[in-house]
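Asks: The structure that follows is given in the form of structure tokens.
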Amino acid sequence: QVQIVESGGGLVQPGGSLKLSCVVSGSAFSSRGMDWFRQAPGKQREFVALITSGDKPYYADSVKGRFTISRDNAKESVFLQMNSLKSEDTAVYYCHQFSTTYWGQGTQVTVSS
């Protein structure tokens, strides 16, 4: 059974930074792409970033240049470094194994002064 657990969310001021972590167990982690989605109140869940099994990153236009996705296969983990945060980045962030139905429970990120 695949389990995905996110951590690292919290409250941060505009312009600040946060780093989200996601640990995956029970799967062939290194052979799978991993991605991050987010869902703000009253909005649909949206794509944020993807990292392929070959370490190639892709980003939504709204976060390009501010967010960085990375992975550590030895730790079966994927990370999302978020810089220059804006109020519109406020959402629950979900880690997901690409092309599967496996999702984490989400971690809240709130950007507010």
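Asks: Could you name the lysines whose alpha carbon sits less than 17 Å from that of K56, not counting residues in the same chain fewer than 8 places away?
Replies: Hits, sequence-local ones excluded: K64.
Asks: Under 5 Å between amide hydrogens, which residues at least 5 positions from V48 or on another chain qualify, with H placed 1.01 Å from N in the peptide plane?
Replies: So V48 has HN proximity to W36, F37, R38.
Asks: Bin by bin, in steps of 5 Å, what percent of the Cα pairs in the chain do you find, going until the bin that has the longest distance?
Replies: Bins of 5 Å from zero give 2, 13, 25, 26, 19, 9, 4, 1, 0 percent of pairs.
Asks: Share of the range 3-55's accessible area from carbon and sulfur, percent, 1.4 Å?
Replies: The nonpolar share, carbon plus sulfur, comes to 49 percent.
Asks: Can you give the accessible area of S99, probe radius 1.4 Å, in Å² rounded to 10?
Replies: 90
Asks: If you count only protein heavy atoms with a 1.4 Å probe, what accessible area per residue comes out for the chain, rounded to a whole Å²? Kindly include the intermediate steps, with their values, before the conclusion.
Replies: Numbers: 5920 Å² over 113 residues.
For the chain, the solvent-accessible area averages 52 Å² per residue.
Asks: Distance in nm between label sites at E46 and S112, each 7 Å beyond Cα in the beta-carbon direction?
Replies: 2.0
Asks: I've got another one for you. Which whole-Hz ³J(HN,Hα) couplings does the range 15-29 yield from phi under the Karplus relation 6.51 cos²θ - 1.76 cosθ + 1.60, θ = phi - 60°, glycine and proline marked x?
Replies: Couplings: x, x, 10, 8, 10, 8, 10, 9, 10, 10, 10, x, 9, 7, 4 Hz.
Asks: Let me ask another. Relative contact order (percent) for the chain, with alpha-carbon contacts under 8 angstrom and 6 or more residues of separation? Before the final figure, lay out the partial values.
Replies: Details: 270 pairs, mean separation 41.7, N = 113.
Answer for the chain is 37 percent.
Asks: Using the Karplus equation 6.51 cos²θ - 1.76 cosθ + 1.60 (θ = phi - 60°), what ³J(HN,Hα) coupling, rounded to whole Hz, does each residue of the range 43-48 give in order, writing x for Gly and Pro?
Replies: 10, 6, 5, 10, 5, 10
Asks: Once neighbouring chains are kept in place and the probe is 1.4 Å, which whole percent of the accessible area of the range 58-103 is contributed by carbon and sulfur?
Replies: Answer for the range 58-103: carbon and sulfur cover 49 percent of the accessible area.
The values are calculated or read from the model by the stated rules, or taken from the named source; none is laboratory data. Since the model is a prediction, treat every value here as computed from it, not as a measurement. Using ideal geometry, Cβ is built from the backbone for each residue, glycine included, and neighbour counts are taken over all protein chains shown. Remember, those area values only see protein heavy atoms, side chains included, never the ligands or the DNA or RNA. Shrake-Rupley method; radii C 1.70, N 1.55, O 1.52, S 1.80 Å.
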